[in-house]
Structures are given as C-alpha cells and as structure tokens.
Amino acid sequence: VASGSMDQICSTAPATDRIKITIPSSGQLRQVFRITHGELETIRAEETPNGLLVTLDRPGIIEQIVSVVDGVPAAYLKDQLQRLGPDLVSARIDITQQVLQLAEMSLDSQRVPDKDPRVEELRSAQSLHRYSIQSLRNAKISQAIRTSDQATLIAQRIVRSSWEEAAAQFGAI
C-alpha cells in the first residue's frame, strides 16, 4: 500500500488500521475470505460495477485474500490451515523477530532516548514476541499467531515512523 512519494521503498504500509479494496469479479456471486492468524475468516463484500468492494480491518496482518464461487476450496483451505498451523506460526514468529530487529536498529541508528514512546512500544512488541513463542510451546496456535502479529504491527509502525523521519530529512537536503 503506497500513499506518498518514496513509499515503494518502505515495505510497511502507511495506513494499518483500515483500507477498502475492489476485487474484480466475473459477474458470478462470490464469497470473500481473508486468511488471518492462520484462520479463514469471511469478509462482507459489497457488489459494485467494478467488482466486489471489501473493507479490510487491520490489513497489515492479513496473509491472503481469497475469493471463491463455491465452498469446496474454502473448506479445503480451512482444513489445510488447521493441519499446517504449527509450521505456519513458527515461520510467522521468525518474521516477527526480523521486523523487531529492524525496528531496534532503526531506533539505535537515530539515537532515540529511552524516554521516547517508540522505545516503550518496542519493549511491548518484544514482550508480545516472547509470549508468542511461549504460546507455541504450549500448543496454543491461534494465540501464538495473534500475539506475534501484534508484535509485528508495533514493530512495523516503528520502522514506518523512522522511515518517515528519514524521508523528511532527505527531502530537506
């Protein structure tokens, strides 16, 4: 999701709370799902002349948007997500760790003081990350993914904030 100049360079979306997108459709009635936290969730879609308009809450944690005509593929996906849950969450936790490291390096390179709110946000994200690892160990797959995603979103916002500051500085040169 890009909203301004140089956004294509920063992989973190600027608007992480809600976006609207149009999914092209061929005129057949479709069901729209999102895969989030390793689970298949139904998304309410509104038909428009250009396709199906959907509102995505927390788009930064959506793994995939799926549009189907009949329910068989959706049932298959649901089954596969349950079967592959532990591997999926393990990979997500690894990604969260990488984003946390980027956020920490961003703050370190800016020499942000300890009293800066972003430092506390980073600590909160690191705590959530540790909790997600513990949840995985306890076979609480859904909880592990949720907390890992929360940590990722916080870390992404820190990276985005650092990016915006850097872009503003370079724009002034």
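Would you be able to tell me the number of residues in region 65-89 that are surrounded by 15 or more Cβ atoms within 10 Å (Cβ to Cβ), assigned to a helix (DSSP H, G or I) and modelled with pLDDT of 80 or more? Total meeting the criteria: 6.
For beta carbons closer than 6 Å, sequence separation of 6+ or different chains, a first residue in region 152-168 that is over 16 Å from S124 (Cβ atoms) and a second that is small (G, A, S) and crowded, with 21+ Cβ neighbours inside 10 Å, the qualifying pairs are S162/S106.
Checked against (1) open to solvent by 80 Å² or more (accessible area, probe 1.4 Å); (2) of a type in the set (A, V, I, L, M); (3) not in a helix (DSSP H, G or I), L102 meets all criteria but (3). Taken over region 26-48, the residue count meeting the criterion of being part of a loop (DSSP other than H, G, I, E, B) and open to solvent by 50 Å² or more (accessible area, probe 1.4 Å) is 6. Pairs meeting the criteria (first residue in region 124-139 and at pLDDT 95 or above, second residue surrounded by 13 or more Cβ atoms within 10 Å (Cβ to Cβ) and assigned to a loop (DSSP other than H, G, I, E, B), beta carbons under 9 Å, at least 6 apart or on different chains) are Q134/K140.
Would you check which residues across region 49-64 are part of a strand (DSSP E or B) and either small (G, A, S) or open to solvent by 50 Å² or more (accessible area, probe 1.4 Å) (or both) and list them?
Our first condition is that a residue be part of a strand (DSSP E or B); within region 49-64, this holds for 51-57, 62-64.
Matches in region 49-64: G51, T55, D57, E63, Q64.
Across region 1-51, the qualifying residues are those that are of a type in the set (A, V, I, L, M, F, W, C) and modelled with pLDDT under 75, and the one among them that is nearest to the chain's Cα centre (by Cα) is A13. Regarding V112, is this residue at pLDDT below 90, β-branched (V, I, T), under 18 Å from E39 (Cα atoms) and open to solvent by less than 30 Å² (accessible area, probe 1.4 Å)? No; evaluated as a whole, the condition is false for this residue. Looking only at region 129-154, residues that are surrounded by 23 or more Cβ atoms within 10 Å (Cβ to Cβ) and over 15 Å from R58 (Cβ atoms) come to 2 in all.
The values are calculated or read from the model by the stated rules, or taken from the named source; none is laboratory data. Please read all numbers here as calculations on a predicted model, not as lab measurements. Because the Cβ atoms are built from the backbone with ideal geometry, glycine has one as well, and the counts that use them run over all protein chains shown. Heavy atoms of the whole protein, side chains included, go into the accessibility calculation; ligands, DNA and RNA do not. Shrake-Rupley method; radii C 1.70, N 1.55, O 1.52, S 1.80 Å.
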